[in-house]
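See below for the structure under consideration.
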Amino acid sequence: MNWDDLRIIAAVRDEGTYAGASARLRIDETTVGRRLSRIERALGLRLFEAADGVRRPTRSCEAVLAHVEAMAAHAAEIGRVGESLAGPVGRLRIASTNTVAEEVLSPRASDFLRANPGLTLQFLTSSENVKFSRWEADLAIRLRKPDKGDFAISRLGDIKLYYFEPVTTEGEPMLCAYPDELGAIPEMQFLRMKQARARCVTDNVRVIRNLIRAHQAAGVLPEHVCADLLGDRRLRATLLPKRRDVWLLVQNHLKRDAATRVTIDWVRACFQETSRS
């Protein structure tokens, strides 16, 4: 059903003639009759009876009009959505690693969304980078600076890194490392100096954290996932001299969008709070 056609039914009912409906909707009278005939054919119903020069709705038409009026009410409500929501309106897709979404963004998302009722956030979490060229995300948080791309990039800040090892253990602790494709990150540069064979290899930070928490393994963790471990007396924590840079990528066409600007400011605040905590 075409909404413009359905509006004609209500106009003919209210005005009583094709001419009246034509004047009300500002369309040709012939168009009014043609569209009504099309609806009647589609529904297999007769909508109006002519009596004394007036088009009177049939019983079937009254049933149809009940739905049309409900649709008109919903259309009016849609038009008022922007008036009822304070601040910017939009839906933004944010791509990041699982740990950034879980430990940095989501704990602070409730207050942000409550303060901005017109915004919706969609978190896209993966260890793989989204393809900005295909518009798979609106914003992305990356722990490595991209070499190039058709997007705006800015530095969010840096993340402290800690090397954890058990204070006492039988023999050498099991070393946890990241995959070879992450060999350029500060974590791996530090671990290579240990000259020990990695017994666990993963890009999942939570897996490494769980092994370290068992007091049998050693590895490097970012500050936002290891607050509880820093107070564990059975573990020795060493702050690495190098930090991990964090980068924010934004689709170029969204740089001046109000909803995007508010969200960017919130993401920056999330990382600033993480560094202070």
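Listed conditions (1) surrounded by fewer than 16 Cβ atoms within 10 Å (Cβ to Cβ); (2) part of a helix (DSSP H, G or I); (3) among the polar types (S, T, N, Q) are all met by Thr238, apart from (2). For Glu136, the criteria (1) part of a strand (DSSP E or B); (2) within 17 Å of the chain's Cα centre (by Cα) hold in every case but one, which is (1). Restricting attention to region 201-235, the residues being surrounded by fewer than 16 Cβ atoms within 10 Å (Cβ to Cβ) and either over 27 Å from the mean Cα position of the chain (by Cα) or of a type in the set (Gly, Ala, Ser) (or both) number 10. Counting only helices (runs of 4 or more DSSP H) that fall entirely inside region 22-127 and contain at least 3 residues that are of a type in the set (Phe, Trp, Tyr) and surrounded by fewer than 15 Cβ atoms within 10 Å (Cβ to Cβ), no element qualifies. Within region 176-197, residues that are assigned to a strand (DSSP E or B) sit with their Cβ atoms under 9 Å from residues that are loosely packed, with under 13 Cβ neighbours inside 10 Å, at 6+ positions apart or across chains, in these pairs: Ala177/Arg192.
Rule-based calculations on the coordinates, nothing more; no lab input. Predicted model only: the values in this text are computed from it and were never measured. We place every Cβ from the backbone using ideal geometry, glycine too, and count neighbours over all the protein chains shown.
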